[in-house]
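Peer 1: One structure is given below, represented as structure tokens, and several questions about it will come after.
The values are calculated or read from the model by the stated rules, or taken from the named source; none is laboratory data. Predicted, not measured: the structure shown is a model, and the values here were computed from it. All Cβ positions, even for glycine, are placed from backbone atoms using ideal geometry, and neighbour counts span all protein chains on display. SASA here: full protein model, heavy atoms, side chains in, ligands and nucleic acids out. Shrake-Rupley method; radii C 1.70, N 1.55, O 1.52, S 1.80 Å.
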Amino acid sequence: MSGGSALERRRARAGKLFVAPNLAAILVFLLFPLGFSLYLSFHSWDLFSPPRFVGIANYRRLFSDDPLFYIALRNTAVFTVLTLVPTVVISLAVAALLNRKLRGIGIFRTLAFLPLVASTVAMAVVFRFIFASDDGLANILLGWVGLGPVPWLTDPQWAMVSLSLVTVWKSVPFATVILLAAMQGVPENLYEAAKIDGAGSFRRLLSITVPLIRGALSFVLVITVINSVQVFDQAYALTGSNGGPETGTYVLGIMLFQNAFRFYEVGYASALAWVIFAILLAFTLIQQWLSRRAEADL
């Protein structure tokens, strides 16, 4: 018995040693920055002088004294809607098309997943040339079909549409991977029974596939919203660090970057970061509650 207990202790000690580096990394690179940013959100700090405690002044300023916050919040909400709906619909359709046993389907799957490995900044820079007003590829193609040039990046409303298009192009492959993996777990006999009953492809998708991949759809929904609310890199590379033109793409990520690294108001930026976290947490909890309620009704 003593030999067995000694062996168990050695195994437990070895397990702790294997886990220790990961726990240390989480502590240093995740928990400490989170705690420090929460600490800074109650202070005024410019990176050079010592932090000065200001209580909830940063949060009060954010909600009552800074009109740019509500502009960024509105733009982020619009951007999230413009990104979420096309991403879910397109990825669901592409996953359904790729979930077929056809010759050469692997080639089409590879092509569909290529944007997933592209750098977000490099992708945004390429689309910046594509959306150029004068000699951009997008306006050249529109000219071939008799349509006038579109101010993709020079008009505030079109700039938001352009940013959404780029983000959808980047987001669809990841969502497709998740939904395709879920679809491949749906039993074939359900589709065969539906075919016998005369159900078409679209009816089978809505009546069989979508209900059975509800968990994957919920995951895609949450991840897409989180990525949309936290958008920064493609907005920065596509329309610049000011969220232009005017305030057309001035989203929360751009506002956070400007306050932290241009105005050196790190405490104020930390308060904004925690407000973004609270928004995402509330949305995730509501979505999970709705998902559980929908599953209970099945």
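Peer 1: Of the residues ILE213, ILE208, ILE276, ILE254, which single one is at pLDDT below 90, crowded, with 17+ Cβ neighbours inside 10 Å and out of contact with any Asp or Glu (no Cβ under 8 Å at 6 or more places or on another chain)?
Peer 2: Only one candidate qualifies: ILE208.
Peer 1: Further question: Would you mind finding the one in SER241, SER270, SER228 that is open to solvent by less than 40 Å² (accessible area, probe 1.4 Å), within 23 Å of PHE174 (Cα to Cα) and either part of a loop (DSSP other than H, G, I, E, B) or in contact (Cβ under 8 Å) with a residue 60 or more places away in the chain (or both)?
Peer 2: Testing whether each residue is open to solvent by less than 40 Å² (accessible area, probe 1.4 Å), within 23 Å of PHE174 (Cα to Cα) and either part of a loop (DSSP other than H, G, I, E, B) or in contact (Cβ under 8 Å) with a residue 60 or more places away in the chain (or both) leaves just SER228.
Peer 1: Can I ask one more? Which one of these is over 26 Å from THR249 (Cβ atoms), exposed (fewer than 13 other Cβ atoms within 10 Å of the Cβ) and out of contact with any Cys (no Cβ under 6 Å at 6 or more places or on another chain): PRO67, PRO50?
Peer 2: Details: PRO67 fails: over 26 Å from THR249 (Cβ atoms).
Matching residue, one of PRO67, PRO50: PRO50.
Peer 1: Still on this structure: Within segment 18-28, can one find any residue that is closer than 30 Å to THR224 by Cβ, open to solvent by 100 Å² or more (accessible area, probe 1.4 Å), aromatic (Phe, Trp, Tyr) and modelled with pLDDT under 95?
Peer 2: No, every residue in segment 18-28 fails to be closer than 30 Å to THR224 by Cβ, open to solvent by 100 Å² or more (accessible area, probe 1.4 Å), aromatic (Phe, Trp, Tyr) and modelled with pLDDT under 95.
Peer 1: Among the residues of segment 133-155, which ones are in a helix (DSSP H, G or I) and crowded, with 19+ Cβ neighbours inside 10 Å?
Peer 2: Passing the criteria: only ASN139.
Peer 1: Quick check on this structure: which one of ALA260, ALA194, ALA235 is open to solvent by less than 30 Å² (accessible area, probe 1.4 Å) and under 15 Å from the mean Cα position of the chain (by Cα)?
Peer 2: Sole residue among the options that is open to solvent by less than 30 Å² (accessible area, probe 1.4 Å) and under 15 Å from the mean Cα position of the chain (by Cα): ALA235.
Peer 1: Consider PRO67 against the criteria (1) under 27 Å from GLY243 (Cβ atoms); (2) touching a residue at least 60 places away in the same chain (Cβ under 8 Å): it satisfies all of them except one. Which criterion is unmet?
Peer 2: With respect to (1) under 27 Å from GLY243 (Cβ atoms); (2) touching a residue at least 60 places away in the same chain (Cβ under 8 Å), PRO67 is out only on (2).
Peer 1: Out of the helices (runs of 4 or more DSSP H) lying entirely within segment 1-61, which hold 2 or more residues that are touching a residue at least 24 places away in the same chain (Cβ under 8 Å)? Steps first, please.
Peer 2: Values: elements: 2-26, 32-40, 57-60.
Filter on segment 1-61 gives 32-40, 57-60.
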